[in-house]
Amino acid sequence: MKAQNEGQIVFVSSVAGLRKFARCSVYGASKWAVQGIAGSLREECRGTGVKVATVCPGSVATPWWLERERGGKD
């Protein structure tokens, strides 16, 4: 991509990589790591024509979120 002076790299992270959440420490840490890698790579590619982005979806209403141990309701 650098040799072609163009390209796009897209990482999939989560809002858990931008904000802190209770009962989400390991998952959150992995997403903060993705944010760090993407940010560093973005700096490395500055001026090369290669773009680096991160997509951070939020939560989706599924039965998983309804489980009491995850903070939901039974």
Residues satisfying the stated conditions in the stretch 6-31, i.e. in contact (Cβ under 8 Å) with a residue 24 or more places away in the chain, of a type in the set (S, T, N, Q) and open to solvent by less than 90 Å² (accessible area, probe 1.4 Å): Ser13, Ser14
Residues of the stretch 37-47 classified as within 16 Å of Leu18 (Cβ to Cβ) and open to solvent by less than 40 Å² (accessible area, probe 1.4 Å), total: 2
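Can you confirm whether Val52 is modelled with pLDDT of 90 or more, surrounded by 11 or more Cβ atoms within 10 Å (Cβ to Cβ) and in a helix (DSSP H, G or I)? Even if it seems obvious, please write down each step before you answer.
Values: modelled with pLDDT of 90 or more: yes; surrounded by 11 or more Cβ atoms within 10 Å (Cβ to Cβ): yes; in a helix (DSSP H, G or I): no.
Against the criterion (modelled with pLDDT of 90 or more, surrounded by 11 or more Cβ atoms within 10 Å (Cβ to Cβ) and in a helix (DSSP H, G or I)), Val52 does not qualify.
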Conditions (1) open to solvent by 90 Å² or more (accessible area, probe 1.4 Å); (2) in contact with a strand residue (DSSP E or B) (Cβ under 9 Å, 6 or more places away or on another chain); (3) modelled with pLDDT under 90: number failed by Pro57: (1)
Any chance Val34 is within 10 Å of the chain's Cα centre (by Cα), modelled with pLDDT of 75 or more and open to solvent by 50 Å² or more (accessible area, probe 1.4 Å): no
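The values are calculated or read from the model by the stated rules, or taken from the named source; none is laboratory data. Because the structure is a prediction, the values reported are computed rather than measured. Note that each Cβ is placed from the backbone with ideal geometry, even for glycine, and that neighbours are counted across all protein chains shown. Ligands, DNA and RNA are excluded from the accessible area calculation, which covers all protein heavy atoms including side chains. Shrake-Rupley method; radii C 1.70, N 1.55, O 1.52, S 1.80 Å.
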